[in-house]
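Below is one structure, written out as structure tokens; comments come after it.
The values are calculated or read from the model by the stated rules, or taken from the named source; none is laboratory data. All values derive from a computational prediction rather than experimental measurement. Here the Cβ is made from the backbone with ideal geometry for all residues, glycine too, and neighbour counts use every protein chain on show.
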Amino acid sequence: MTKDKGTYTSGSLNREISKLADNINIRNHSPKKMGRKMLIWKSTVAFSYKLKRLIDCVVALSALIVLSPLLFVVGLIIKLTSPGPIIFSQKRVGRFGRNFRMYKFRSMYDGSDALPTPVVSTESDARRKEKTKDDPRITPFGRIIRKTSIDELPQLANILIGDMSLVGPRPPTPDEVEKYTLDDRKRLNVIPGLTGLWQISGRSDIPADKQLELDKKYIASQSIWFDFCIILKTIPAIITGRGAY
């Protein structure tokens, strides 16, 4: 059967449609266009990190100035009620696996960090230590500043240095990182924080495996607005003292 010059068979029509689709796909994904998209993405990420860093520095410096009388009083009480240094520092793992010294007001008897840590043993997850409520190493005043999270305030200095951020996963200890799975190591792709998603969800009352899941959820959803919401929710979490010990 003959066919007119302008008539297409079903097969030839499908071939023409496929060619047209390929041409559109090539134009939409040309190297030049993809390069622009990559540049825009990199610029957006870089701007977000710089903005987050600026907010961290402004808030941390302002908080240190405003809270300086409280910091002085707390330091004085620690010195008068328990022999030893006012500030306790511990090696923690930060972004990309870099070690740094994290600062806290000392809440334990001097030298207690050298003693075995009394932790809750969990069969479900051995990657993160879980605190006990009746740790005998903690001083009477130490229980108060832990309950109110005042012991964490020296980490504002860590934020100014750049080791930590206001919001992010809590910095793990080196021995915790050694037990991480490959998926758990995603936590090390971001700067650790003073507060985070699991701190406003129950803190130490949350099982270790759930803490890791909340940290990974934060990493997948992080934004300036999300950080702001977490900071706001941190205030009632501190007031109620739920899970803080």
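Tabulated values for the structure
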item: Count of residues meeting criterion [exposed (fewer than 14 other Cβ atoms within 10 Å of the Cβ) and among the aliphatic types (A, V, I, L, M)] in the range 71-86; result: 3
item: Meets criteria (at pLDDT 75 or above, surrounded by 13 or more Cβ atoms within 10 Å (Cβ to Cβ), under 29 Å from Pro174 (Cα atoms) and touching a strand residue (DSSP E or B) at 6+ places or on another chain (Cβ under 8 Å)) for Gly94; result: yes
item: Residues that are part of a helix (DSSP H, G or I) and under 21 Å from Leu54 (Cβ atoms), drawn from the range 144-169; result: Gln155, Leu156, Ala157, Asn158, Ile159, Leu160, Ile161
item: Members of the range 214-245 that are more than 18 Å from Asp184 (Cα to Cα), modelled with pLDDT of 85 or more and of a type in the set (D, E, K, R); result: Asp227, Lys233
item: Subset of the range 170-198 [outside any helix (DSSP H, G or I), without any contact (Cβ under 8 Å) to a residue 40 or more places away in the chain and within 10 Å of Asp215 (Cα to Cα)]; result: Gly196, Leu197, Trp198
item: Enumeration of residues in the range 98-138 that are in a loop (DSSP other than H, G, I, E, B) and either at pLDDT 85 or above or of a type in the set (S, T, N, Q) (or both); result: Arg98, Arg106, Ser107, Tyr109, Asp110, Thr117, Ser121, Thr122, Ser124, Thr132, Pro136, Arg137
item: Residue count, the range 60-95 (criterion: assigned to a helix (DSSP H, G or I), among the aliphatic types (A, V, I, L, M), farther than 23 Å from Thr139 by Cα and in contact with a helix residue (DSSP H, G or I) (Cβ under 8 Å, 6 or more places away or on another chain)); result: 4
item: Verdict on Arg185 being farther than 30 Å from Ile65 by Cβ, in contact with a helix residue (DSSP H, G or I) (Cβ under 7 Å, 6 or more places away or on another chain) and at pLDDT 85 or above; result: no
item: Any hit, the range 167-176, residues being polar (S, T, N, Q) and buried (at least 20 other Cβ atoms within 10 Å of the Cβ); result: no
item: Residue in the range 197-213 that is modelled with the highest pLDDT, counting only those that are in contact with a Phe, Trp or Tyr (Cβ under 6 Å, 6 or more places away or on another chain) and under 19 Å from Gly94 (Cβ atoms); result: Leu197
